[in-house]
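The structure appears below as structure tokens.
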Amino acid sequence: MSTNEPAVWLTQEAYDRLKEELTFLSGPGRAEIVARIEQARSEGDLKENGGYHAAREEQGKAEGRIVYLTDLLRRAHVGEAPADDGVVEPGMLVVAKIAGDETTFLFGSREVAGDSDLEVYSEQSPIGNAVNGAKVGDKLSYVAPNGRDISVEIISAKPYSM
């Protein structure tokens, strides 16, 4: 692993779910799309064949997801949820006052959140970089991409579970 590729923290459950998705997309999923493309191609004129173009678009999205998942799983650090010690670290559900507004977010990878509607901030984001290692009660600030100084107060930090 090179030093400019950040590791991604995943629970065993999230890792297994993503590995299963990758296995499906790389095997049966890929074969299904190829079959749909071949079926649509056999219908004739490809310029006006909506089924063909839709299948090709789906193929592109699936191939992109395969590349993404392969890279993500290669960089993954798999483990249990972090300790319930009030310290903000990847895998924590954090409640914080950000610029005066109370916000709940998952600190870590979008993939850990699965299909939930949670906001997710990575360790590489400006806010993620600022809150990483902070403790409940800490007041800090970070510089937003627009140059504004944003205040943050950590209200709670608990291990996330789906």
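The values are calculated or read from the model by the stated rules, or taken from the named source; none is laboratory data. The model shown is predicted, which means the values in this text are computed figures rather than measured ones. We place every Cβ from the backbone using ideal geometry, glycine too, and count neighbours over all the protein chains shown. Only protein heavy atoms, including side chains, enter the accessible area calculation; ligands, DNA and RNA are left aside. Shrake-Rupley method; radii C 1.70, N 1.55, O 1.52, S 1.80 Å.
Of the residues examined, V67 is not one that is of a type in the set (A, V, I, L, M), open to solvent by 30 Å² or more (accessible area, probe 1.4 Å) and assigned to a strand (DSSP E or B).
Would you confirm, using the coordinates I've provided, whether S122 is among the hydroxyl-bearing types (S, T, Y), under 30 Å from L22 (Cα atoms) and surrounded by 19 or more Cβ atoms within 10 Å (Cβ to Cβ)? Considered against the rule, which asks whether it is among the hydroxyl-bearing types (S, T, Y), under 30 Å from L22 (Cα atoms) and surrounded by 19 or more Cβ atoms within 10 Å (Cβ to Cβ), S122 comes out as no.
Identify all residues within the stretch 122-158 that are part of a loop (DSSP other than H, G, I, E, B) and closer than 16 Å to G91 by Cα; write none if there are none.
Restricting attention to the stretch 122-158, the residues satisfying the condition of being part of a loop (DSSP other than H, G, I, E, B) are 122-125, 132-134, 136-138, 144-148.
Within the stretch 122-158, S122, E123, Q124, S125, N132, G133, A134, V136 meet the criteria.
Every listed requirement among (1) open to solvent by 60 Å² or more (accessible area, probe 1.4 Å); (2) under 16 Å from the mean Cα position of the chain (by Cα) is met by E43 save one, (2).
Taking the numbered list (1) of a type outside the set (F, W, Y); (2) without any contact (Cβ under 8 Å) to a residue 12 or more places away in the chain; (3) at negative phi in turn, G147 passes all entries but (3).
Residue count for the stretch 100-119, restricted to those that are in a loop (DSSP other than H, G, I, E, B) and buried (at least 17 other Cβ atoms within 10 Å of the Cβ): 2. The listed residues are D101, D71, D85, and the only one of them that is within 30 Å of A134 (Cβ to Cβ), under 16 Å from the mean Cα position of the chain (by Cα) and free of Cβ contacts under 8 Å to residues at least 12 places away in the same chain turns out to be D71. Checked against (1) on the phi > 0 side of the Ramachandran plot; (2) surrounded by fewer than 13 Cβ atoms within 10 Å (Cβ to Cβ), K139 passes all but a single condition, namely (1).
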